[in-house]
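All remarks here apply to the structure that follows.
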Amino acid sequence: MEPLEYDLMDRVEGEMWWYRALHARVISALSRFPGLVGRPLLDAGCGTGGLLARLAAAFPEREFFGVDVTAEAVRRAQRKVPRARLVIGSVSALPFEQGSFGAIASCDVLCHRLVHEAAALAEFRRVLAPGGTLVLNLPAHEWLRSAHDERVHNARRYSGWGLRSVLEQSGFAVRDMWHWNALLLPLMVLQRKVVARGGRARSDVALLPPPIETIFRAVMGVEGMLAGVGVRFPVGGSLLAVAERPA
């Protein structure tokens, strides 16, 4: 990611509606599919540590590791989560022993242009213990590609069937998968396809005016409750998958 994007992420990921919703969905997934709780949880591509901080608060009994390819991101993440063990490294060649982790979370990493998809999934499977859980969040729908993807260097956006196929071919068993950011998708399309067009457009990482942030958080809360009772939307800005390394 560009240095500016890391700086933006670091400043807003604790409060911005999208990050708060993402973190809530990952926590929900890991609450239902915790993997092996006696082994550490890895944030693969931890960025500046916002998700790690939320995970550490939600699961205080677990041990946490994080890895990111950028030293500056690791430094910022360590400041947010002092008890986590953070290292510099690539998700395509993880610096950990086989079967080290009981769960892995990786958010908007597999889609990056510098990440080799097959190699990263093979590494996730290698370092995940049998019976462990993998939680992935990824951008959905190729037709949503926009200037935002260029700014954050997304090479791929995913369909549900495509992600399921990739995971199964990599030796994972898919346990659940759903689109989210569905209720706000019309506004997302408007922003990305009409308002923010052209090579100079910035990414969507930014705090909105407080009243809008409050409304968007409330909408995401409603959507999260619907997902919790089994409602699955056919489209959405993001796709979250829960998979398992078979025992």
Exercise. In what sequence do D108, D43 fall when counting other Cβ within 10 Å, fewest first?
Worked result: D108, D43
Exercise. Counting each DSSP H run of 4 or more residues in the chain as -39500 (n - 2.57), what helix-only mean residue ellipticity at 222 nm follows after dividing by all residues, to the nearest 500 deg cm²/dmol?
Worked result: -12000 deg cm²/dmol
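Fewest to most neighbouring Cβ within 10 Å: what's the order for E244, E13, E150?
Numbers: E244 19, E13 22, E150 13.
Sorted ascending by nearby Cβ count, the order is E150, E244, E13.
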For this session: Could you order peptides 230-243, 46-59 by the average number of other Cβ atoms within 10 Å of their residues, highest first?
Result: 46-59, 230-243
For this session: Enumerate the residues in segment 1-45 having an amide nitrogen under 15 Å from the point lying 7 Å beyond the Cα of E72 toward its Cβ.
Result: 1-12
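Give the relative contact order (percent, whole number) for segment 3-244; include only Cα pairs under 8 Å separated by 6+ residues. All intermediate terms of the calculation are to be shown ahead of the outcome.
Values: 450 pairs, mean separation 54.5, N = 242.
Relative contact order of segment 3-244: 23 percent.
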Problem set entry | Gain upon complete extension [K193, S159; 0.36 nm per residue less C-alpha separation] | 10.3 nm
For this session: Please list 62-74, 92-104 highest first by mean number of surrounding beta-carbon atoms within 10 Å per residue.
Result: 62-74, 92-104
Problem set entry | Virtual spin-label span in nm between A122 and I215, 7 Å along Cα→Cβ | 4.9
For this session: Would you mind calculating the gained length between S92 and V174 on full extension (0.36 nm times residue separation, minus the Cα-Cα distance), in nm to one decimal?
Result: 27.4 nm
Exercise. DSSP loop trypsin sites (Lys or Arg not before Pro) in segment 89-152 with at most 12 other Cβ atoms within 10 Å of their Cβ, which ones?
Worked result: R113
For this session: About the Cα centre of the chain, how large is the charge dipole given +1 on each Lys and Arg Cβ and -1 on each Asp and Glu Cβ? Please answer in debye to the nearest 20.
Result: 180
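Under the 0.36 nm per residue contour assumption, what length would be gained going from the current alpha-carbon distance of A206 and R85 to full extension? Kindly include the intermediate steps, with their values, before the conclusion.
Numbers: separation 121, 0.36 × 121 = 43.56 nm, distance 2.82 nm.
Contour length minus Cα-Cα distance gives 40.7 nm.
Values in this text are rule-based calculations from the coordinates and carry no lab data. Keep in mind it's a predicted model, so treat the numbers as computed, not measured. Methodologically, a virtual Cβ is constructed for each residue, glycine included, from the backbone with ideal geometry; neighbour enumeration extends over all protein chains shown.
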